[in-house]
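Heads up: the structure comes next, in structure tokens.
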Amino acid sequence: MVPTKVFLWVCVMLLVPGSIATQNLGVNWGVIASHPLDPKIVVKMLKDNGIKKVKIFHAEPVVLDALAGSDLEVMVGIPNESLETLSQNYSAVQAWVKANITAYTGKKKVNFKYVLVGNEPFLTAYHGMYANFTLPAMKNVLKALTEAGHGKDIKVSSPLNGDVYMTTSYKPSDGIFRPDIADIVVQICDFLDKNNAAFVVNIYPFLNLYLFPGFPESYAFFDNNTFALDDNGVLYHNVLEANIDNLVAALKKTNHPDMPIIIGEVGWPTDGNIYATTKNAQRFYTGLLKRMASNQGTPLRPSSYPEVYVFSLLDEDQKSIDPGMFERHWGIFTFDGQPKFPMDLSGKGQNKLLVGAKDVQYMEKQWCVYNKDGSDQKDLNVKVAWACNNTDCTTLVPGASCSGMGIETNASVAFNMYYQIANQSKAACDFGGLAKIVKQDPSNGTCKFPIMIRTSESTSDSSLAPAPSTSSKSHSSSSSSSSSSSSTSSSLSHSPPFVFQIFLAIFTVWFA
């Protein structure tokens, strides 16, 4: 997920729905995590909750192996970095299809439904970098799938962001495609229409609140009764209906009035921002699922709602925080597969939790916390900022779950996250004597102190730099995650000096 430039916040951006009741709900499964959950456990969790559709961002063998034989419907992605090669080198496309699609037929069958070429390739932030490669790559992938005998079963599309369309007024019915890429998007629509494929779009109501002070908060949810957008007598009570109909209007103007729409990503984060809370996430999903279970469409598409893929299944602690500190907290489950809040996938609004991951193996029940008896207290702010630059401190920012709890909690959160991501290495809980290992859980209210799960790559040693043991104010970054998903979204060390300065400034104020 990448934040977008939103056009006319009153009506344009964000939201979407789906429902198990209508078999139209899927989930996005990302693995940009320091300690990813075993894919086999994830697949079992999906089936335990009756989720039948999943979207993955890469054709990762360990994930595909877990999906094999599950009968879950799968959308598999190809990252933007591959678009240029796949648009120009057909043999590379054939090789990709052979390795990632054909290899998973027969006894190892994965129930592929879509190959998604690129991910939001027309974001304004990319300045047209992928504009000339996306459609040629899509055509090559479809050609290779057809040659390999998969063309009748697997469709090809590309997930586009909600900023590819806009409105010439404040009304959804005046929706058009963004002028700078309209010609390319229309050609993509022609391609999709010819091959009976859907327009896949990622849209987020949360970003309206995050990016635009003054945006009517209730309009981002489904229980709004305080704000309505009037489009020639048609009233829109939530940004969902306005956003979908904006796209529908744009499709109509390009002679594709009935093109199916799939919402490739939609969700609500639970931490890292004042609006990113479990309470708001539950409110959002409760309304979303009830709406989808009713199968009532929008004013321009009244017959039914589109297929929807929730973003996302699990929290991912190595995602880039460039979009915002909330970016690592989109999961409806925690990183270890535990439900965050009640969520009734039937859309009936029952107050019940989802089925969590089973047979998860955790590291030792021990934590690294601030040692108030340490002798070198004057450098505490620098040590904490250093830890945050090398781990995940997004729960400490203003409005987040661990914010405003005092100096000791701030330091303990930072030290423990570094220690846990470092596989509980003793050397990772030093910080010049300012940290110590304890056996009692220091969690307090909304502020949780996690213990990492054991993975096949977990060892007693860590690839992270050891915690600073002297008064040195060095802020060199640890090496970035070696996750095979790193090409989609960088880790915290994406811009280490900048991140360090952010946290140093925060902690300088806190410890002043």
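The values are calculated or read from the model by the stated rules, or taken from the named source; none is laboratory data. From a predicted model like this one, the values you see are computed outputs, not experimental measurements. Positions of Cβ are backbone-derived with ideal geometry, glycine not excepted, and every protein chain shown enters the neighbour counts. Side chains included, ligands, DNA and RNA excluded: accessible areas come from the protein's heavy atoms. Shrake-Rupley method; radii C 1.70, N 1.55, O 1.52, S 1.80 Å.
Given just the C-alpha atoms of region 122-215, how large is their convex hull per residue in cubic angstrom? Mind dumping the intermediate values first?
Details: hull volume 11.4 nm³, N = 94.
Normalising the Cα hull of region 122-215 by residue number yields 121 Å³.
Which percent of the Cα-Cα distances in region 388-452 go past 20 Å?
Across region 388-452, Cα pairs with separations above 20 Å total 20 percent.
Amide H to amide H under 5 Å from Gln338: which residues, 5+ apart in sequence or cross-chain, H placed 1.01 Å off N in plane?
Excluding prolines and chain starts, which carry no amide H, the hits are Ala357.
Between Gln377 and Glu81, what is the FRET efficiency for a Förster distance of 45 Å, r being their Cβ-Cβ separation, to the nearest 0.05? Please report the intermediate quantities before stating the final value.
Values: r = 45 Å, r/R0 = 1.01.
Taking R0 as 45 Å, the efficiency between Gln377 and Glu81 is 0.50.
Taking only protein heavy atoms into account and a 1.4 Å probe, give the accessible area per residue of region 45-194 in Å².
Using a 1.4 Å probe on heavy atoms only, each residue of region 45-194 averages 41 Å².
Taking the Cα centre of region 88-200 as the origin, how large is its charge dipole in debye, to the nearest 20, when only Lys and Arg (+1) and Asp and Glu (-1) carry charge on their Cβ atoms? It would help to have the intermediate numbers written out before the result.
Numbers: 12 positive and 9 negative charges, 149 e Å.
Result for region 88-200 is approximately 720 debye, rounded to the nearest 20.
How far is it, in nm, from the label point at Thr446 to the one at Asp223 when both lie 7 Å from their Cα along the line to the Cβ?
1.7 nm
Between region 214-263 and region 100-127, what's the alpha-carbon centroid distance in Å?
Taking the Cα centre of each part, region 214-263 and region 100-127 sit 28 Å apart.
Using a 1.4 angstrom probe with every protein chain in place, what is the largest-first accessible-area order of Arg328, Arg301, Arg454? Mind dumping the intermediate values first?
Details: Arg328 5, Arg301 50, Arg454 120 Å².
Sorted descending by solvent-accessible area, the residues read Arg454, Arg301, Arg328.
Among Asn390, Met325, Asn351, which residue has its Cα furthest toward the positive end of the charge dipole of region 295-394, with +1 on Lys/Arg Cβ and -1 on Asp/Glu Cβ?
Ranked along the dipole, the leading option is Asn351.
Could you grab the Rg to Rh ratio for region 228-267? Cα atoms only, Kirkwood for Rh. Provide the component values of the computation, followed by the final result.
On the way: Rg = 11.4 Å, Rh = 11.3 Å.
The Rg/Rh ratio comes out at 1.01.
Pull up all non-local amide H partners of Gly151: gap of 5 or more, or a different chain, and H-to-H distance under 5 Å with H placed in the peptide plane.
So Gly151 has HN proximity to Thr146.
Could you work out what % of the accessible surface of region 381-458 is carbon and sulfur, using a 1.4 angstrom probe and leaving DNA, RNA and ligands out of the count? Each step should come with its number before you reach the end.
Numbers: 1370 of 2760 Å².
That fraction is 50 percent.
First select every other residue whose beta carbon is under 13 angstrom from the beta carbon of Tyr418; then total the charges, Lys and Arg +1, Asp and Glu -1. Write down the numbers at each step before the final one.
Details: positive: Lys383, Lys426; negative: Asp317, Asp392, Asp430.
So the surrounding residues net to -1.
What percentage of all Cα-Cα pairs in region 328-434 are separated by more than 17 Å?
Details: 3515 of 5671 pairs.
The proportion of pairs with Cα distances above 17 Å equals 62 percent.
Answer rounded, prolate or oblate for region 218-327, using the Cα gyration tensor with square roots of eigenvalues a ≥ b ≥ c: rounded when a/c is under 1.5, else prolate when a/b is larger than b/c, else oblate. Mind dumping the intermediate values first?
Numbers: a/c = 2.00, a/b = 1.55, b/c = 1.29.
Since a/c reaches 1.5 and a/b is larger than b/c, the shape of region 218-327 is classed as prolate.
Would you mind giving the three semi-axes, in whole Å and largest first, of the ellipsoid equivalent to region 92-176 according to its Cα gyration tensor? List each step's numbers first, then the result.
Details: eigenvalues 204, 43, 21 Å².
With the √(5λ) rule applied to region 92-176, the semi-axes are 32, 15, 10 Å.
Determine which residues of region 242-271 fall in the zone a paramagnetic label at Thr168 would reach in this model, i.e. backbone nitrogen under 20 Å from the point 7 Å along Cα→Cβ.
Hits in region 242-271 for Thr168 at 20 Å: 242-258.
How far, in nm, would the chain grow between Asn89 and Leu211 when pulled straight, counting 0.36 nm per residue and subtracting the alpha carbon separation?
Numbers: separation 122, 0.36 × 122 = 43.92 nm, distance 3.96 nm.
So the extension gain works out to 40.0 nm.
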